[in-house]
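A quick write-up on the structure given underneath.
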Number of protein chains: 2
Amino acid sequence: MSEKANVVVVGGGPAGMTAASRVKRFRPDWRVVVFERSRYVSYAPCGIPYFLGGLAKSIEELVHYPVRVFTEERGIEVHTEAEVVEAGEGYVRARFKDGTERTYEWDKLLIATGARPRIPRIPGTELKGVLTLRTLESAEEAKRTLSQAERVAVVGAGYIGLELADNLVRIGKKVILIELLPHVMPTLDYDMTALVENELVRNGVELHLNETVKEATGNGKVEKIVTDKGEYRVDAVFFATGVAPETALAEMLGVKKGITGAVSVDASMSTNKEGVYAAGDVAETVNLVTGKPDWFPLAPVANKMGYVAGASLAGFKETFPGAVGTAITKVFGLEVGRTGLTEERAVKEGFKPVSATITANTRASYYPGSTRMTVKLIADGSTGQLLGAQVVGADGVLARINALSVLVAKRATVREAFFSDLAYAPPFAPVWDPVIVAARVLLGKLAQS
Amino acid sequence: MSEKANVVVVGGGPAGMTAASRVKRFRPDWRVVVFERSRYVSYAPCGIPYFLGGLAKSIEELVHYPVRVFTEERGIEVHTEAEVVEAGEGYVRARFKDGTERTYEWDKLLIATGARPRIPRIPGTELKGVLTLRTLESAEEAKRTLSQAERVAVVGAGYIGLELADNLVRIGKKVILIELLPHVMPTLDYDMTALVENELVRNGVELHLNETVKEATGNGKVEKIVTDKGEYRVDAVFFATGVAPETALAEMLGVKKGITGAVSVDASMSTNKEGVYAAGDVAETVNLVTGKPDWFPLAPVANKMGYVAGASLAGFKETFPGAVGTAITKVFGLEVGRTGLTEERAVKEGFKPVSATITANTRASYYPGSTRMTVKLIADGSTGQLLGAQVVGADGVLARINALSVLVAKRATVREAFFSDLAYAPPFAPVWDPVIVAARVLLGKLAQS
């Protein structure tokens, strides 16, 4: 027996639910069916470290809207704990919690399957106490494991790894942070990550850089983590070793993937298959600095892609312009922001980067709470185009990285950045904002280069 | 006896000292002479309220660099307490502290005379205890007066008036704030100023709107302030009734003034007189939204104008693009930011404004310290161009107003604002940033209009 739906959305994360909601707003009489593997929809996995650290009190707080809002208020048909096990032209087959399966014919389909943790293929990852964080259910399991753990290894020092380290220290754990690369945070240049590394060590994190995890060992439950340089007794291990686009459904449908490995879409979020769209962490977009396809598995990008996909699914014209990979995180007392290309990446992309790094006060020097902030700006030596920026400080980083994000996305030059009309008042900024100071120094360097 | 200088700068404020420093950097062998009326150069009058409120401990803290830095390190000839009493083609005559006068011939002259307080012409302003704040010396006098004052009237509810009210309450004064207009902060729309007015009243400020000050009375020392609606016993009165460009020198030189009353300059900061430049609060610039001349007496604009004037004076090509009037202030627990045109102003400028105002969380809802923020965006109904923005909240306003400032200055549309790649992480923003939410709502309104 087969059902009919106007739109099927696979994946109930931010992109999927934004898209589904928007379709119903445009087309209230359409049948919109969402299949979500987990128990939750519209969840924010990026909140999981804060749940583990006790700042979010319950899993429910990480859910933007309960299922009821989508079903009752918005008229969307939502199936949680439902997995799409088969898909082809014009249909999907879903398996439900109770083991039954049903086929749905669709006019349009949205692939919003997100990303999955990328875990190294090493022995021992099946042991109890070895954790990854992608679904909210995994967070509940992690919290139970942590309640009996003293020493915790975090493998991977990207955003999630660092946020985990911070939150685990907050709840009194001994944290061993292991990173394959010579530095934390691969989305920043090394001169800036040094500031973050100092902050980790200052807060008691045992930091192992340039170290490859070989094995987790233990008797049923993880007891030790073995690397190429040593072994460490642990009660739990988190793998925060990055994510990869979850493309299984795309493959079933024969949808084309792009150079990044994520699903290739045009600005309307259409794939190469008629009637099939993709949005969120499963899909590529355009990097506004390079003009090339890139992959930004970040929630705000996913949401906006979902917004565009919703209009497209409903038959309206809408386009997603692309992104610049703006991100921010808090590592103990440090705020760390980045946008656009790193200096290293700029070289790879064929630019001739020139950069300037300055340290300046975040507020008028006499104003209480003024701290020091480091700003790095990267520009192309030939054109003066601002390619990227990184900001690290105790306070006020969001204000600078957001302004820089807009400048980078607009392909502004360093001189345009310098003349930005940023706000000033003693409680907020010095009269020469750190961004303006950095642009001034970089202008000087560009004039000489 | 007449001296010769390559460049004479009149006014040692931010614009003048930035320009003088830059000339010496380009032309180390030129003689650059600065005349400054007060005892200080490179001062920040915007810091005075914080000095009165005890946050800045001394007047010296409000000075960016002491005179010595300019004279010894940068080789600039600085005359403080020196007034230009006469000026004409190729010369100025300065009167020094000791009463002597000297004539200087110049090749190029910079008018950086700033702005002066605009005080209503009413009886009693000569009384002791009636204060204005423009020079650092006036701050010292004000501090002495305040030490014996309990009840203080602040006349004028612009940035300085509000910052004064805040700081005076902090040091235990009873503050009576009197404003001629029906609302505080004329650079914001009324719907947003209502939030500020509530905050003032909540913090014990006695707020009188729509009230005209008629007279200050007292026996040698001010004792009462009389308005069209009542009279109030006071021990001191601050006039924070705005500023006007200080154009006396410009008039002596026959320099043309613009429609705003400030000196008219081109993008290189040249006036209509050969060899005569103007920068800082005395000069007009271009409003990037309207494309017309406008006047922004704000320190960051003044500094950048000085930067451009310095290059021009030295014979190099540099241009100032204009500004959008971005500003921020803190009023007790509220942060208030604005950029571009208000809705009211947009109408006057011939736009057909459509606006959206939303209230949203400043961080992930579960994250400690998340508060509510109100964002108002104003766009042109015909083109969708973002014309202006106002943001009021307990926290995180700088991050939003800076991004909006860049968008407004770049003449971005509301849809471009919506697709801005603003940074997200639970400690800093919700996944849909308040700016993005406001843009989304405004997009909906524009679609209907």
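The values are calculated or read from the model by the stated rules, or taken from the named source; none is laboratory data. Since we're looking at a predicted model, the values are computed, not measured. Cβ: placed from backbone, ideal geometry, glycine included. Neighbour counts: every protein chain shown. SASA here: full protein model, heavy atoms, side chains in, ligands and nucleic acids out. Shrake-Rupley method; radii C 1.70, N 1.55, O 1.52, S 1.80 Å.
Scanning the range A:362-383 for residues that are within 14 Å of chain B (Cβ to nearest Cβ) and open to solvent by less than 20 Å² (accessible area, probe 1.4 Å) yields a count of 4.
Being within 25 Å of residue A:66 (Cβ to Cβ) and assigned to a loop (DSSP other than H, G, I, E, B) narrows it down to one of A:116, A:134, so name that one. Can you show your working first?
Working: A:116 fails: assigned to a loop (DSSP other than H, G, I, E, B).
Just a single option satisfies the conditions, and that option is A:134.
Considering the range A:402-427, and only residues there that are under 18 Å from residue A:358 (Cβ atoms) and at the interface with another protein chain (Cβ under 7 Å from one of its Cβ atoms), the residue that is surrounded by the fewest Cβ atoms within 10 Å (Cβ to Cβ) turns out to be A:419. Would you mind stating whether residue A:357 is more than 20 Å from residue B:420 (Cβ to Cβ), surrounded by fewer than 20 Cβ atoms within 10 Å (Cβ to Cβ), under 30 Å from the mean Cα position of the chain (by Cα) and in contact (Cβ under 8 Å) with a residue 40 or more places away in the chain? Yes; evaluated as a whole, the condition is true for this residue. Checked against (1) closer than 18 Å to residue A:281 by Cβ; (2) part of a strand (DSSP E or B); (3) hydrophobic (A, V, I, L, M, F, W, C), residue A:20 meets all criteria but (2). Scan the range B:106-115 and give yes if some residue there is within 30 Å of residue B:269 (Cα to Cα), crowded, with 16+ Cβ neighbours inside 10 Å and among the hydroxyl-bearing types (Ser, Thr, Tyr), otherwise no. Yes.
Only one of the numbered conditions (1) in a helix (DSSP H, G or I); (2) in contact (Cβ under 8 Å) with a residue 60 or more places away in the chain is not met by residue B:71, and that is (2).
Being under 16 Å from the mean Cα position of the chain (by Cα) and open to solvent by 10 Å² or more (accessible area, probe 1.4 Å), is that true of even one residue in the range B:306-318?
Within the range B:306-318, none of the residues are under 16 Å from the mean Cα position of the chain (by Cα) and open to solvent by 10 Å² or more (accessible area, probe 1.4 Å).
Which pairs have Cβ atoms under 6 Å, sit 6 or more apart or on different chains, and link a residue in the range B:388-405 that is closer than 20 Å to residue B:189 by Cβ to one that is part of a helix (DSSP H, G or I) and open to solvent by 10 Å² or more (accessible area, probe 1.4 Å)? That search, which allows pairs on different chains as well, returns B:392/B:195. Checked across the range B:186-193, the condition of being acidic (Asp, Glu) and open to solvent by 40 Å² or more (accessible area, probe 1.4 Å) holds for at least one residue.
Whether a residue is within 14 Å of chain B (Cβ to nearest Cβ), at pLDDT 95 or above and more than 30 Å from residue A:394 (Cβ to Cβ) was assessed, and residue A:281 passes this test. For the range B:43-90, taking the residues that are under 25 Å from residue B:117 (Cβ atoms) and acidic (Asp, Glu), the one that is most open to solvent (accessible area, probe 1.4 Å) is identified as B:60. Here residue A:26 meets each of (1) farther than 26 Å from residue B:443 by Cα; (2) out of contact with any strand residue (DSSP E or B) (no Cβ under 9 Å at 6 or more places or on another chain); (3) hydrophobic (A, V, I, L, M, F, W, C); (4) modelled with pLDDT of 95 or more with one exception, condition (1).
Looking at B:145, B:135, B:103, which one is touching a Ser or Thr at 6+ places or on another chain (Cβ under 6 Å), more than 21 Å from residue B:211 (Cα to Cα) and either aliphatic (A, V, I, L, M) or crowded, with 18+ Cβ neighbours inside 10 Å (or both)?
Working: B:145 fails: touching a Ser or Thr at 6+ places or on another chain (Cβ under 6 Å); B:103 fails: either aliphatic (A, V, I, L, M) or crowded, with 18+ Cβ neighbours inside 10 Å (or both).
Exactly one residue qualifies, and that residue is B:135.
Is it true that some residue in the range A:310-332 is assigned to a strand (DSSP E or B) and within 30 Å of residue A:26 (Cα to Cα)? So far as the range A:310-332 goes, yes, one or more of its residues are assigned to a strand (DSSP E or B) and within 30 Å of residue A:26 (Cα to Cα).
Does residue A:331 meet the test of being open to solvent by less than 30 Å² (accessible area, probe 1.4 Å), within 21 Å of residue A:412 (Cβ to Cβ) and either away from every other protein chain (no Cβ under 14 Å) or out of contact with any Phe, Trp or Tyr (no Cβ under 6 Å at 6 or more places or on another chain) (or both)? Write out each step before concluding.
Details: open to solvent by less than 30 Å² (accessible area, probe 1.4 Å): yes; within 21 Å of residue A:412 (Cβ to Cβ): no; either away from every other protein chain (no Cβ under 14 Å) or out of contact with any Phe, Trp or Tyr (no Cβ under 6 Å at 6 or more places or on another chain) (or both): yes.
Taking the combined requirement at face value, the residue does not satisfy it.
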